[in-house]
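Report on the following structure.
Derivation of every value follows stated rules applied to the coordinates shown; laboratory data play no part. Note that the coordinates shown come from a computational prediction; the quantities given were computed from them, not determined experimentally. Cβ placement follows ideal geometry from the backbone for every residue including glycine, while neighbour counts extend to all protein chains displayed.
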There are 2 protein chains.
Amino acid sequence: MSGEMHRHRSSLGTLLHHVHVSGPLSRAVLAERMGVNRSTILALTAELAAAGLVTEEPPAGTTGAGRPSLVVRPSPEVYVLAFDVAVDRLTAARVGLGGRVLDRRSASRSRLGVDLDTVVRKLVSMGRSLIAPEATCVGLGASYCGMVRPGDGMVRYGPELGWVDQAFGTELAKALDLGLPVSVGNEAHLGALAEYERGAGVGVPDLIYLHGDVGVGGGILVGGRLLGGDGGYGCEVGHMLVNPVDGRPCLCGSQGCLEAETGEYALLAAAGRTPGPAAVRAVVRDALAGDRTAAAATAEVGDWLGIGVANLINLFNPGVVIFGGMLRDVYEAAAPQVAARITRHAMPVSRERAALRLSALAGDATLLGAADLGFAALLADPLLAAA
Amino acid sequence: MSGEMHRHRSSLGTLLHHVHVSGPLSRAVLAERMGVNRSTILALTAELAAAGLVTEEPPAGTTGAGRPSLVVRPSPEVYVLAFDVAVDRLTAARVGLGGRVLDRRSASRSRLGVDLDTVVRKLVSMGRSLIAPEATCVGLGASYCGMVRPGDGMVRYGPELGWVDQAFGTELAKALDLGLPVSVGNEAHLGALAEYERGAGVGVPDLIYLHGDVGVGGGILVGGRLLGGDGGYGCEVGHMLVNPVDGRPCLCGSQGCLEAETGEYALLAAAGRTPGPAAVRAVVRDALAGDRTAAAATAEVGDWLGIGVANLINLFNPGVVIFGGMLRDVYEAAAPQVAARITRHAMPVSRERAALRLSALAGDATLLGAADLGFAALLADPLLAAA
């Protein structure tokens, strides 16, 4: 491919990316955002429309007088299948270009001893039922609650499910048999990317996303890029030691990890409750309603969470720290403890511009991140992937 | 400037960068490294030679038979002034293109209560005496033991010297009066960059450099780029909390910071020694020679250092962790403690490829990093900067 052709295809991807994350945009706005003139937008849009990726229509409320800038809209006929393997729950969804969840299936499941075959079989069954024969599936993405090798979706380590070196991505693709590979990412990595694209972190390239499932994970963006590290396993904030001297034992074999002090088990133990999908929210609700035991439990967990966040602020000088998954609930009740620890332990210069926010995508952050993995090839080269 | 002209100047900078970090290279090797043909190298080299930035000569040992590939050598007539403000010591050096320290001045000084004017006056006096009238000074760079604003070299926070918001870069440039700005960076950031360019981290883009002065600092490269974060203040590993429950008080006002548990004061207190420039090395020497008190002190500090390194390995999945400054000495004595903590607390997947190394540049890592700040404008656009 020539340099010019390469730039042209890259421009097509950029335009498609704009409408994918922002929804329908007028040609005028697209021209401004991309820094090109309207005739270029016209040509690019025509190509994308011919490939069935966008439609053009007059903006809502147009009366017919004058010549309003046409609105470019992502095609509702183009979608991905997104999968989310959390500790308590399996989810599959059809997600349209534009990032809307069009349909979904979900199943709760037991926590331990679930093998690869069982998980893949359930996901395939849910995924198949979501296929829309009249529309075009352009990709497959999956989120997993553990450490994932980026190249092939091998789960290297997922202690909550007892998985070590399980070929999740390869096996899921094979079983789905749709002629498409499955891109797999760590759930917190994907949550971070989704919050940056369309959530609480839009426009903030130095971003930390903390995700509480049963474990605690992190996704960290440095200059707008996911911190992968040497092998793609970076951001393991859940196993940062915050209480090395007499910390709670962690599933990883260590003790005093952030996950051990702030995860579901720690909160429920402190509150004297039994684990279960709705248990964390019940503690938080009770704490906010004035229940003393529940409030003491969220305060204790919030204190450790604050130490962890202070460390991350010192290390990353972020523009925003986003609390997602069950940590979104915890932070709602424990914001004062978190703030106090940050003030005490984070350097003033490091924290002066760091905002603390709740996840805007809430329960769908990881799923939407998985969907974006599925859309990645299309957005990199729209004509090739749509062909 | 046209796109083509821009690419041409960028190629000139790339060639100059190669000989700056690797020393003299044959045209053949340059052609291979840059992926261009020899006639392109010939043309680029001719331009750089005309500007006085490189010389060409037959390789050593050539007899005159055949046509050996000429060797391109960085000009010895092109240099920067580099400055290093450490807690105990001020250094200034003339560093030639190619990264060799050609001459240096150094002065020890008292630790606290040293104001900006005094430091600037001493640096200017040392710097002036290093100027080589027959050669060309192309830039000025400085390393500072605290948090530095990248744009203008403002020291935002330097607790060891008691500096808050001191306009170090601007004042040093004004006082030197050489018609050149001074680029200032944090000492550990610069050490990391220098080790990556020409030290223990060459070829390892996910790199952690830990620098022990009196305090402890970090420089972290993610995908070959310094982790700056939102304001350029990232990598504050020294204030990562490793012992929050009953840690030693830290100069920053917190307690149990990595710096408080592994810095000079912690080591000397554990060993029952008096602070001073050579005191750390004496403890390490004694520990290696079998002195029990000294060995217990290095083991205790090494234990906390290992916790900090384990956390960093979990967070960054680095290819290498480099121990510099006084932590280079500490690691020599405490490697077993560090290794044990990493094994216990870092995830196997995160640590499987992480090498642990001593700084290769030792006492000159921060100074050479400062020199590279000074060379940055020249390497970005050789003809403009040399004009």
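Among B:352-364, A:73-85, sorting by the average number of other beta carbon atoms lying within 10 angstrom of each residue, highest first, gives A:73-85, B:352-364.
Converting phi to 3J(HN,Hα) with the Karplus coefficients 6.51, -1.76 and 1.60 and the offset θ = phi - 60°, region A:46-54 yields 4, 5, 5, 5, 4, 7, x, 9, 9 Hz in sequence order, with x at every glycine or proline. Estimated from helical segments only, the mean residue ellipticity of chain A at 222 nm is -13500 deg cm²/dmol, where each DSSP H run of four or more residues counts as -39500 (n - 2.57). Seen from B:Gly256, the other residues with C-beta closer than 9 Å to its C-beta sum to a net charge of -1, counting Lys and Arg as +1 and Asp and Glu as -1.
Cα convex hull, region B:230-375: 141 Å³ per residue, rounded to a whole number.
A straight Cα-to-Cα reach below 25 Å connects B:Lys174 with the lysines B:Lys122, residues fewer than 8 places away in its own chain not being considered. Across region A:171-181, computed HN-Hα scalar couplings (Karplus, 6.51 cos²θ - 1.76 cosθ + 1.60, θ = phi - 60°) run 5, 5, 4, 4, 5, 5, 6, 9, x, 10, x Hz from first to last residue, x flagging Gly and Pro. Averaging over all projection directions, find the projected area of the Cα convex hull of region A:1-138 and quote it in nm² with one decimal place. Its Cα hull, projected and averaged over all orientations, spans 11.7 nm². With the convex hull of its Cα atoms as the shape, the protein assembly as shown has an orientation-averaged projected area of 38.8 nm².
Take each residue in B:346-359, count the other chain C-beta atoms within 10 Å of its C-beta, and the mean is 4. Label separation (A:Ala43 vs B:Ser39): 3.2 nm, computed from points 7 Å beyond Cα along the C-beta direction.
For the segment B:314-327, counting C-beta atoms of other chains within 10 Å of every residue's C-beta and taking the mean gives 4.
Assuming charge only on the beta carbon of Lys and Arg (+1) and of Asp and Glu (-1), the dipole of chain B about its Cα centre is about 620 debye to the nearest 20. Annotation: the antiparallel percentage among DSSP beta bridges lying fully within the protein assembly as shown is about 60. Fully extending the segment from B:Ser106 to B:Arg292 would add 63.5 nm, taking 0.36 nm per residue of separation and subtracting the current Cα-Cα distance.
Distances between placed amide hydrogens fall under 5 Å for B:Val87 paired with B:Val214, all partners being 5 or more residues away or on another chain. Here the Karplus relation 6.51 cos²θ - 1.76 cosθ + 1.60, evaluated at θ = phi - 60°, turns the backbone of region B:212-219 into coupling constants of x, 10, 6, x, 10, x, x, x Hz, with x for every Gly and Pro. If I model region A:3-74 as equal point scatterers sitting on the Cα atoms and use the Debye formula, what is log10 I(q)/I(0) at q = 0.18, 0.23, 0.25, 0.26 Å⁻¹? With no solvent term, the Cα-only Debye profile gives -0.65, -1.03, -1.19, -1.27. Which residue, A:Leu383, A:Gly325, A:Thr45, has the largest displacement toward the positive end of the dipole of chain A when charges sit on each Cβ (Lys, Arg +1; Asp, Glu -1)? Ranked along the dipole, the leading option is A:Thr45. Panel order for A:Cys137, B:Cys235, B:Cys250, B:Cys257, by other beta carbons found within 10 Å of each beta carbon, from fewest to most: A:Cys137, B:Cys250, B:Cys235, B:Cys257.
For B:Arg248, the residues whose modelled amide H falls within less than 5 Å of its own, excluding neighbours fewer than 5 places apart on the same chain, are B:Gly256. Distances between placed amide hydrogens fall under 5 Å for B:Ser26 paired with B:Val72, all partners being 5 or more residues away or on another chain. Counting beta carbons within 10 Å around each of B:Leu373, B:Leu267 and listing the fewest first gives the order B:Leu373, B:Leu267. Peptide B:215-227 is shielded by partner chain Cβ atoms: per residue, an average of 3 of them sit within 10 Å of its Cβ.
Distance from the Cα centroid of region B:311-387 to that of region A:73-110 is 42 Å (rounded to whole angstrom). The DSSP beta bridges internal to chain B are antiparallel in roughly 60% of cases.
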